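The values are calculated or read from the model by the stated rules, or taken from the named source; none is laboratory data. It should be emphasised that the depicted structure is a prediction, and the values quoted were computed from it without experimental measurement. FYI the Cβ positions are ideal-geometry reconstructions off the backbone, even for glycines, and counts take in every protein chain you see.
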Amino acid sequence: MDHSTRHTATGHGHASWAMAAKATLHCLTGCAVGEILGMVVGTALLWGDVPTMILAIALAFVFGYSFTLFAVVRAGLSLRAAVKVALAADTVSIAVMELVDNAIIALTPGAMDAQLSDGLFWSALIGGFAVAFVVTTPVNKWMIGRGKGHAVAHAHH
């Protein structure tokens, strides 16, 4: 691995933008699966805004953590150790992603009242993910460069 992409779990290295984008995309994938599922379920059940967002955020964390959890278990870590790695690797990334994404959805006029069949529902959700990706990537770059976030999980791949 060249110097521009080398990093370690101890924080003595440099995180490239490509590495940060890959970590953010990994996080976004788990968050998107959980959040879309939560929004679809809450909207289909005609729940209010707050319970729907709570479900979506909870599922985003569950799916976000599970993607890392399965990868590091597959790499040979015990379940207990893998849970610790997933929590260390993803908590900040998922939290930033969810804060930004849900703020975009909540601030988009009519998005919280849109139904699954409305283009506004899907465009606000996808737009929120796009903005969250842009905001979260520098956060992940900073964390990986200090041996935190996805650097913790990457040390076990």
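Report whether or not S78 is of a type in the set (S, T, N, Q) and under 11 Å from the mean Cα position of the chain (by Cα). So S78 fails the test. For A151, are the conditions met, namely being part of a helix (DSSP H, G or I), at pLDDT 90 or above, farther than 13 Å from L28 by Cβ and not basic (K, R)? Here the answer is no, as A151 does not meet what is asked.
Within the range 22-39, can you find the residues that are of a type in the set (A, V, I, L, M) and surrounded by 16 or more Cβ atoms within 10 Å (Cβ to Cβ)? Hits for the range 22-39 are A23, L28, A32, V33, I36, L37, M39. If I filter the range 74-92 for residues that are surrounded by fewer than 21 Cβ atoms within 10 Å (Cβ to Cβ), in contact (Cβ under 8 Å) with a residue 60 or more places away in the chain and under 13 Å from A32 (Cα atoms), do I get at least one hit? No, every residue in the range 74-92 fails to be surrounded by fewer than 21 Cβ atoms within 10 Å (Cβ to Cβ), in contact (Cβ under 8 Å) with a residue 60 or more places away in the chain and under 13 Å from A32 (Cα atoms). Condition test on V134, is it surrounded by fewer than 14 Cβ atoms within 10 Å (Cβ to Cβ) and β-branched (V, I, T)? Answer is yes for this residue. Contact map, the range 96-114: residues that are on the phi > 0 side of the Ramachandran plot paired with residues that are assigned to a helix (DSSP H, G or I), Cβ distance under 8 Å, separation 6+ or inter-chain. Pairs shown: G110/L120.
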